[in-house]
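Heads up: the structure comes next, in structure tokens.
The values are calculated or read from the model by the stated rules, or taken from the named source; none is laboratory data. Since the structure is predicted, the reported quantities are computational estimates derived from the model, not experimental observations. Reconstructed Cβ throughout: ideal geometry from the backbone, glycine too, with neighbour counts over all protein chains shown. Surface areas here come from the heavy atoms of the whole protein model, side chains and all, with no ligands, DNA or RNA. Shrake-Rupley method; radii C 1.70, N 1.55, O 1.52, S 1.80 Å.
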Amino acid sequence: MVQSDQDRAVAELRRLIDGIPVAMVTTVATDDALHARPMLLERVERDASLVFLTHLSSQKTTDVHRDPRVNVTFISDKGDRYVSVSGRASVTHDVARMHEMWNPTYRAWFPKGADDPDSAIFTVTIDRVDYWDVPSSRLVRLWGVVRAVATGQVAEAGEHDTIVFGSG
């Protein structure tokens, strides 16, 4: 992907997840089951990666060391945007970067502060983004369902598109 194309794609992803601070992050567990948990998104980087904070001792860290494939899902509070991000995760203990991202409220999760030896940065390098923009008005959505029932056609789920990053 040409850098300017990547910049546009990252800007579109930022627009899509704007106002959605918590994502469901799914990893492949050691028994090959899919395991999802909510995580607070720290930032979206220009290099097409998502950054979260976690603990080195967490199960998700164990999961991604074994199998780095992850999926990150965002749903807007109005139910009008659905975003699915597929990629590969890595986990690093980087005290300097932790200090750069540090917010005093993080002490609730990292009682020893930014220098917590169990702190880790969970980075998802994005391969692909699938997203759906649906009408925000419940009346418009209801009308679509009524029209589908009346015509015998499938209700439209909104606009769907895909963004592929890197080699995808």
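A 1.4 Å probe run over the chain, with the rest of the protein chains in place, finds 57 Å² accessible per residue. Taking the helices alone, the chain has a mean residue ellipticity at 222 nm of -8000 deg cm²/dmol, built from -39,500 (n - 2.57) per DSSP H run of at least 4 residues and averaged over all its residues. Only one item in [x] 43, 42, 34; [y] 50, 35, 34; [z] 61, 36, 35 matches Cα extents along the principal axes in Å derived from the coordinates shown, and that item is [z]. Taking trypsin sites (Lys or Arg not before Pro) in DSSP loop conformation with at most 16 other Cβ atoms inside 10 Å as exposed sites, the chain has its longest uninterrupted site-free stretch at 113-168.
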